[in-house]
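Down below is the structure, laid out as structure tokens.
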Amino acid sequence: MTSRSSEDIDIRAITEDELPAWCRALNTGFLRSPAASPETAAKRLAHFDLARTRAAFAPTGDGGTRQVATFRSFAQHLSVPGGATVPTDAVTNVTVSPTHRRRGLLSRMMAADLTEAKERGDVAATLIAAEYRIYGRYGFGPAATGTEWEIDVVRAGFDPRWSGPDDGGRIDLADADEVRKIGPELHERLRARVAGVVSRDDFWWQYETGLWQTPEDVWAEPFHAVYRNARGEVEGLVVYRCDGHWGESKMPGNTAQVLKLTGVTPAAERALWTYVCSADWVTAVRTGGRATDDLVPHLLPDPRAARIVTQADFLWVRILDVVRALEARSYEASGELVLEVRDRAGLAGGRFRLAATPGGAVCEPSTDAAQVTLDIGELGALWLGDASAVRLAALGRLVEEEAGAAVAADALLRTPRRPWCPDMF
């Protein structure tokens, strides 16, 4: 019988020669084929920061050890309301092998990583949660929701005789080389106008355009289309694939799966969605993950042609520095709020007074009576403007210490548009 104790399990950063076994443990935890080629490990080595790549080493009984849990983080920047970005600790590749569940291994790895992130000066940590119930106990809160629609193209009501932009702009097909040239600047423009967008480094662009692949990856180049306005300036990019399905009687029934659609103006979004929905043989379009208040359903002549197929939490945030987090973002209104922030890990709790105006904000520790009390995870949910303090109070996850304080918190923290994270990491 395997021991249930975790006292003899060592958790530490891995070395270069331990990376192949780490890749195998990662695949095992994600229920993929555990095989990992040496070429895969070598390619990951060039991209990974081994000092931030952890594993749990369990004894095997013959004097050796086996990696039974994995954890990795990397440097990232996150956009906040108003267009500023803050340094964040992006958490990924979190697994525990089925033989070693419920032994506190993730808690130990997370505690070590968050402590280091706090010491580095990261404002927050971020992750994409595979399961909802795991990360709240570490102070993470769901900060941006994702929604995917499926569009019935026939019902949508577009004029089949015309699919081009009607604003003087144009749409051009592009290849991966052009995307690598124009994509980064376009993404930075998106980050300046949308909260919740994470940074993309050179590796991201190489991976997403097929330059960086492992033997286990199966790459098929997608379609790329670029929207340029009447002045020839790039304002949008869509990346999509089609499934090539034909039904009976030689009737086309192709679904276009949008992988990424970036529009930095409403005109670009309208033109690109019209383009994808007007492609010959395409009868359905899957939008990929979008903001819950995305324009796409109401860009259609018949919005009922878009049905929600997935809507769930996506980006999770764990605030590590309350003062810097609240001062970094913008505010639509002026006001003051005293928050009692509880943090069981002792990383970012305390009482703080936020004084905000549309011109800027000051947040500082305070001894004044708290108006609202909440856990650090709930503050993460409110920070980017997605959650409602009034709703959290109704759910028992925020306490109004002063009547009307939740309404006042919403007046300060809610944003006109909801945050959106377009990237899995």
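Could you say which residue among ARG391, ARG418 is under 25 Å from ALA129 (Cα atoms), surrounded by fewer than 16 Cβ atoms within 10 Å (Cβ to Cβ) and under 26 Å from the mean Cα position of the chain (by Cα)? Working first, answer last.
Working: ARG418 fails: surrounded by fewer than 16 Cβ atoms within 10 Å (Cβ to Cβ).
One residue alone meets the criteria, ARG391.
Restricting attention to the stretch 145-153, does a residue exist that is closer than 13 Å to ILE319 by Cβ and open to solvent by less than 20 Å² (accessible area, probe 1.4 Å)?
Pass one, the stretch 145-153, residues closer than 13 Å to ILE319 by Cβ: none.
No: zero hits.
Could you check how many residues of the stretch 112-130 are outside any loop (DSSP other than H, G, I, E, B), of a type in the set (Gly, Ala, Ser) and open to solvent by 10 Å² or more (accessible area, probe 1.4 Å)?
Qualifying residue count for the region: 1.
Just to be sure, is ARG307 basic (Lys, Arg) and either within 21 Å of ASP122 (Cα to Cα) or touching a helix residue (DSSP H, G or I) at 6+ places or on another chain (Cβ under 7 Å) (or both)? Full working, then the answer.
On the way: basic (Lys, Arg): yes; either within 21 Å of ASP122 (Cα to Cα) or touching a helix residue (DSSP H, G or I) at 6+ places or on another chain (Cβ under 7 Å) (or both): no.
No.
Can you confirm whether the stretch 352-372 contains a residue that is open to solvent by less than 10 Å² (accessible area, probe 1.4 Å), closer than 24 Å to GLY196 by Cα and under 23 Å from the mean Cα position of the chain (by Cα)?
No, the conditions are met nowhere in the stretch 352-372.
Scan the stretch 161-184 for residues that are part of a strand (DSSP E or B) and surrounded by 12 or more Cβ atoms within 10 Å (Cβ to Cβ) and jot them down.
Once the filter is applied, which keeps residues that are part of a strand (DSSP E or B) and surrounded by 12 or more Cβ atoms within 10 Å (Cβ to Cβ), the stretch 161-184 yields ARG170, ILE171, ALA174.
Could you list, in sequence order, all residues of the stretch 61-85 that are of a type outside the set (S, T, N, Q), surrounded by fewer than 21 Cβ atoms within 10 Å (Cβ to Cβ), in contact with a strand residue (DSSP E or B) (Cβ under 9 Å, 6 or more places away or on another chain) and under 13 Å from ALA325 (Cα atoms)?
HIS77
If I go through the stretch 86-104 residue by residue, how many of them are out of contact with any helix residue (DSSP H, G or I) (no Cβ under 6 Å at 6 or more places or on another chain), of a type outside the set (Val, Ile, Thr) and either under 21 Å from GLU116 (Cα atoms) or open to solvent by 40 Å² or more (accessible area, probe 1.4 Å) (or both)?
Here the count works out to 6.
Any residue in the stretch 267-279 that is closer than 20 Å to ALA408 by Cβ and open to solvent by 10 Å² or more (accessible area, probe 1.4 Å)?
Checked the stretch 267-279: no residue is closer than 20 Å to ALA408 by Cβ and open to solvent by 10 Å² or more (accessible area, probe 1.4 Å).
The values are calculated or read from the model by the stated rules, or taken from the named source; none is laboratory data. Small disclaimer: the values here were computed from a predicted structure and weren't measured. Methodologically, a virtual Cβ is constructed for each residue, glycine included, from the backbone with ideal geometry; neighbour enumeration extends over all protein chains shown. Areas reflect the complete protein model, heavy atoms only, side chains present, ligands, DNA and RNA absent. Shrake-Rupley method; radii C 1.70, N 1.55, O 1.52, S 1.80 Å.
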